[in-house]
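Accompanying notes for the structure given below.
Throughout, read-outs are computed from the coordinates displayed, never taken from laboratory work. Just so we're clear, the structure is a prediction, and the values are computed from it rather than from any experiment. Backbone-built Cβ (ideal geometry, glycine too); neighbour counts: all protein chains shown.
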Amino acid sequence: MKQPYRTGETPLKTIQIRRLIEDLRRVVAILDAGIAEEEAQARILDPTKPQYPFLARALAARKANLESTLASLERRIGDSIAGLTQAVRAPAE
């Protein structure tokens, strides 16, 4: 029998994406700690200053990229769940 709907993600894929999101959140927390450590060591908290640590800049850029990826993955999960909810509510024809 053919499925009357398409959610975009299978339940297994959704679980894998959720695990990836959890892992990426841990990495973001680690990057936050690294940034804070570099700023404390250099005693410079303002990223616009030329003396701001290069490593802190690099970690901040990596963190921004990961946060963007997280937002994208969370939207993807949200869309999948919304599609599944609509499919469950829709009467089967």
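Which FRET efficiency value, to the nearest 0.05, do you get for GLU37 and LEU70 by plugging their Cβ-Cβ distance into 1/(1 + (r/R0)^6) with R0 = 22 Å?
Working: r = 22 Å, r/R0 = 1.00.
Efficiency, from the Cβ-Cβ distance: 0.50.
Evaluated on the stretch 11-87, the Kirkwood hydrodynamic radius is 14.2 Å, with distances taken between all distinct Cα atoms.
Taking K and R as +1 and D and E as -1, what net charge do the other residues with C-beta under 14 Å from the C-beta of ILE44 add up to?
Values: positive: ARG43, LYS49, ARG57; negative: GLU37, GLU38, GLU39, ASP46.
Around ILE44, the surrounding residues sum to -1.
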